[in-house]
Amino acid sequence: MNPGKIMKYTGIFLFIIAFILSFGLLTMSDYILTEEIINREREGKKYEIFSSEARGMFGRKYEWNFTFINDLDDVFKRTNQHIRDQFWISDETIQKIIDLARKEDEFVFDTSLIEKVFTERNKTNEAKIRYLNDHTGWMDGRGYPDRKNLHDDLVKAQTTVNNNIVYQEGYGDYEIKQLKFSLTKHASQGILLENSWIWFLLTIGMMCLGGMIYALAAYGWRKPGIKNDGIFFSSLKALGWMGIGLGIILTGFYVFIYFYPEYVTNWVILVDPLSRLLNGGEASHWFLYGVLYTLAILVMGVRMFLKYKGNNIQVIRTLSVMFFQLGFAFLIPEILYSLNKPGYDFKNIWPLDYDFFYGYNLDDLMSGGTFGWFILFWGIMLVIIAVPFLTFFLGKRWYCSWVCGCGGLAETMGDPFRHLSDKSLKAWKIERWMVHGILVFVVINTGAVLYTFFTGQGSLLGVGTDQIRTVYGFLIGSIFAGVIGVGFYPLMGNRVWCRFGCPLAAYLGIVQRFKSRFRITTNGGQCISCGNCSTYCEMGIDVRWYAQRGQNVIRASCVGCGICAAVCPRGVLKLENNKEKGRFNGPALVGNKNYDPVTSA
Amino acid sequence: MGNIKNIVIIGNGISGITAARHIRKRSDDPITIISAETDHFFSRTALMYIYMGHMKYESTKPYEDWFWGKNNLQLLKGFVKKVDTDKKELQLHSGKILGYDILIIATGSKPNKFGWPGEDLKGVQGLYSYQDLENMQIFTRGIRRAVVVGGGLIGIEMVEMLLSREIPVTFLVREASFWDMVLPSGESAMVNRHIREHEVDLRLETELEKILPDDKGRARAVISSGGEEIPCQFVGLAVGVHPNIGFLKESKVDTDRGILVNPYFETNIPDVYAIGDCVQYSEPLPGRKPIEQVWYTGRIHGETVALTITGKRTPYQPGPWFNSAKFFDIEYQVYGNVSNVAGKNETSVYWEDQAGKRSIRLVYAMDTRTLLGVNLMGVRFRHQVCDNWIRDKISIDEAVRNLNKAFFDAEFSDNPLPMVTDQYNRQNPDHPVHMKKSKSFISNIFS
């Protein structure tokens, strides 16, 4: 075996060992809940009930996190049940109100009746009165012909109030999710806590090392030139069992990080020391995600240097995404946190950054002094100045394949899967409907949220702005951008999100398509229709269709990665910015005096 | 036009398909395309990439499968055995008889074999068709060494293909230097070095004597012209191709090496046309060969014959010659006339980078100083610009002054043009030229 092969297998071996170890790690803690741990979460009256319910778990040692979390779930359920019982609006109360509303031949409702029902004055009853008042205000002074009509309206109010009890007085879903994570993490005990650094290096560190060694062996001493040998024979890269397996693992990873982080606290513990070093605080699962994301871009960025050496633009572009991820997306926000400032990513642009105009963020920025206002100003300038102007001069590539974090991961970690994008005309049609549909969706969402922010009204045209926000955040922000966006790399290529989902890409694309100096020029009659360009287009553009008829490639979706031009064996494609005049050209093959562009159209 | 003509095209390569597409744009006549090779048009030049795992067969098809139905182009899988031009009928291998009103023959080429002993053994083949690719995939599985014969474009492609599967290759080239009947010596030497850099056992001035069989009828070794026995389990024959016209033997269509056509691609029989690799011009254009077996000429034939068939009788009028190829990692482009050995009145400016991986050659006439051709290795130029230069017969000075306009390498790549200018000025101290500066990246943004 030659040294290159030995090195390759060493890299794979290290990576797999670290990979398996990191899953083993998930079982390597014990969990003991103590009063001291839950004390950190002390907040409000509900805490008293929670702590007494949790008492049964105190001091008990759990070997598995899922049994621990299961018990914790029960604690929250019981706590909420207690609270629900306490604040429950009973049918009896409703009947009493109806009795009080009785007039001679009708029932007249009056909110003042509510108080009369509750004879005893305590905090609980005051809350009940308040909630019922909130939901019956619209009925005030109304007359009802019979008992049943009033009863129906009151039951509606009763149901709403009862359904909202846990959110108002108890533990809501979001809060439970957060508490489960922090309690599980704080209850962890064992070797991971003492030697976090070492375990970090043995798992995440060793995966990086293995990946680097492999990339060095695969490309390091090869001569400059395109190295796509064997891609379509690879189980990992061409939808074999390894690719499908990796797709499942990546998708699963995203599901856990986004929705069930309490199960992966052991991984979060590994990056605690790094978090303390950077921002002084302990790590959240988002910090872990940030570390992994950044490392993936850096390690796979090095692979890009090796794979595309001799191709200056690929090397510079990769450097750029590495720089923006490490600096703008990772380090600067961490430093800002440690300075008690909003941890803003200065290169994230609405509508990709869909919560930029959400009320809580605006409140946060507006109360954040000069710096907060600067961020607000900067964020708006990016949307209304940077996007149109830079895209006019450079094409959307200035963002999508040079700056963006999603693009950064796609261009580095996603590079081995770029050929899996669907090139069919049908896929292009679906793409246009989807990506522009989501752009419309985000505009409605932001508009609705701003409407609430400025007017205080919770609903617009009968739809709660909260609900729109929740649906967008879940479906688009989490499932599409994250779970599918990266999880499906080995299944549908590395730009699934950017192509079908990203509303910012849609916005940049509209500018690029209609008002830009960017195009991919095709070179006269030199195309041999081989299809390398289309195959390796991560956005699924059928580049060859343009090249073989000598027509400039001008497409809203093109992120300008330049790989089509790099893999072209005949020097047919060149990405360039040039005068707008002549940008849209018809078919224009060179080399035949009788060539008739009309016939060729 | 009134009456409907039934157009039949034999061959679904670039020539036949281009003809079909261009006829369809100008007419609604029924068009049938017959091929025995594949169901759909694919890019022959991309066969190597399938073998190397860069692409799947599916990705080599320039049009999706629905394209043919949508454009009412009927595809027929079958092998044409005989052409009866009196009855205007084709006889297929299946026994089926197919009538036509207009016939276009675009059957391409077949790899050459020169009667070597053992040339029909298993594991001995050329690379032209999809079936050749399938055979090559079968016969190179798990082998220890391959021999490729023939120092041309297909030869070096086969070498690259085999190397991609880590099969050691001995490369027999008859000439003193790779493809030196086309490439000037500097460029040819560059490719020699590049081949050897890839650890290919390159044997120049070496020919194939015979191929030895093993007991199962497979190639086990070759004997080279030096008498050496080179053990191998696969022999790639890449010593050129010849027009694929065997099925016309008994027909009345005039053939020589290829199907003889006039400048309108008309054969001696009315309503029978021939285009592409299988064609031999009765009167070759000045400076061009009687048989042109290049992707681009095939395409131009298709474009031209479509005009004639749809009522606009048009002769073959290609612009200045152009071609391209890739030798492992070195791209090659040529525009205009560049001969391997400079003609009497020809000279050139030749720049080569220090690493010996890129070069630019500008060929011009000594007396008139007219630019004749551009030969490029590892550098891309704009076809349109070079085409205009050569048509307009601009001077070498003018070309050097405007080199920037032709430069087509990717943004941020190393720009060799100033060095070409220096080279030119060293060679022509009495004609100093300053190249117009290319605009910087920033100033280009605002222009």
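Every number in this text was worked out from the coordinates using simple rules, so none of it is lab data. Treat the numbers as computed from the prediction; the structure is a model and nothing was measured. FYI the Cβ positions are ideal-geometry reconstructions off the backbone, even for glycines, and counts take in every protein chain you see.
In this structure, A:ASN2 and B:ARG426 have a Cβ-Cβ separation that, at R0 = 45 Å, corresponds to a calculated FRET efficiency of about 0.50. When the alpha carbon gyration tensor of the protein assembly as shown is reduced to an equivalent ellipsoid, its three semi-axes come out at 68, 34, 29 angstrom, largest first.
Inside 10 Å of the C-beta atoms of A:513-526, what's the mean count of C-beta atoms belonging to other chains?
4
Put simply, the amide H of B:ILE259, placed in the peptide plane, has neighbours under 5 Å in B:VAL279, B:GLN280, leaving out anything fewer than 5 places away on its chain.
Taking amide hydrogens as placed 1.01 Å from N in the peptide plane, the amide H of A:ASN552 sits under 5 Å from those of A:THR522, A:ASN585, each at least 5 positions away in sequence or on another chain.
Relative contact order, percent, of chain A when contacts are C-alpha pairs under 8 Å separated by at least 6 residues? Present the calculation step by step, with values, prior to reporting the outcome.
On the way: 891 pairs, mean separation 74.8, N = 601.
Relative contact order for chain A comes out at 12 percent.
If you sort the three axes of the alpha carbon gyration tensor as a ≥ b ≥ c, you get a/c of 1.5 or more for chain A and a/b no higher than b/c, which makes it oblate.
Measuring between their Cα centroids, region A:94-149 and region A:522-601 lie 73 Å from each other. Our coupling estimate for region A:174-187, obtained by passing each phi through the Karplus curve with A = 6.51, B = -1.76, C = 1.60 and θ = phi - 60°, is 5, 5, 4, 4, 5, 5, 4, 5, 6, 5, 4, 5, 6, 7 Hz, Gly and Pro reported as x.
For B:GLU205, the shell of other residues with beta-carbons less than 11 Å away shows a net charge of -1, using +1 for Lys and Arg and -1 for Asp and Glu. The magnitude of the dipole of region B:124-239, with charges of +1 and -1 set on the Cβ of Lys/Arg and Asp/Glu and taken from the Cα centre, is near 340 debye.
Modelled spin-label separation between A:VAL255 and A:ASP110, with each label point placed 7 Å from Cα along the Cα-to-Cβ direction: 5.7 nm.
Picking from B:VAL374, B:PHE412, B:VAL385, whose Cα lies most toward the positive end of the charge dipole for region B:322-445 (charges on Cβ: Lys, Arg +1; Asp, Glu -1)? Farthest towards the positive pole: B:VAL385.
Exposure proxy for B:HIS434, B:HIS383, A:HIS151: other Cβ atoms within 10 Å of each Cβ, ordered fewest to most, give B:HIS434, A:HIS151, B:HIS383.
Shown here: chain B, whose C-alpha atoms stretch 71, 64, 43 Å along the first, second and third principal axes, sorted largest to smallest.
For B:ILE97, the shell of other residues with beta-carbons less than 10 Å away shows a net charge of +1, using +1 for Lys and Arg and -1 for Asp and Glu. Multiplying the residue separation of B:ASP256 and B:LYS56 by 0.36 nm and subtracting their alpha-carbon distance yields 68.3 nm.
With both labels modelled 7 Å from their Cα along Cα-to-Cβ, the B:LYS312 to A:LYS61 distance reads 9.0 nm.
Rounded to the nearest 20 debye, the dipole size of chain B about its Cα centre is 880 debye, using +1 on the Cβ of Lys and Arg and -1 on the Cβ of Asp and Glu. Candidates A:THR446, B:PRO290, B:GLY118 compared by Cα position along the dipole of the protein assembly as shown: farthest toward the positive end lies B:PRO290, with charges placed on Cβ. For region A:516-600, a simple Cβ point-charge model (Lys and Arg +1, Asp and Glu -1, everything else neutral) yields a dipole of about 240 debye relative to the Cα centre. Placing unit charges on the Cβ atoms of the charged side chains and taking the dipole of region A:40-145 about its Cα centre, the candidate lying farthest along the positive direction among A:PHE109, A:ALA127, A:GLY44 is A:GLY44. Using the Cβ-Cβ distance between B:ASN404 and B:GLU175 with R0 = 45 Å, the FRET efficiency computed as 1/(1 + (r/R0)^6) comes to roughly 0.80. Computing FRET efficiency as 1/(1 + (r/R0)^6) for A:ASP173 and B:GLN131, where r is the C-beta to C-beta distance and R0 is 51 Å, gives about 0.25. Net charge around A:ASN39, counting only other residues with Cβ within less than 13 Å of its Cβ (Lys, Arg = +1; Asp, Glu = -1)? Spelling it out: positives minus negatives among the neighbours equals -2. In the protein assembly as shown, helices alone account for a calculated mean residue ellipticity at 222 nm of -12500 deg cm²/dmol, with every DSSP H run of four or more residues adding -39,500 (n - 2.57). For region A:384-434, a Kirkwood hydrodynamic radius built from all Cα pairs, placed in the Stokes-Einstein relation at 20 °C and 1.002 mPa s, yields a translational diffusion coefficient of 168 µm²/s.
When DSSP beta bridges are restricted to pairs lying wholly in the protein assembly as shown, around 65% turn out antiparallel. Here the label points at B:TRP66 and A:TRP378, each 7 Å from Cα along the C-beta direction, are separated by 4.7 nm in the simple model.
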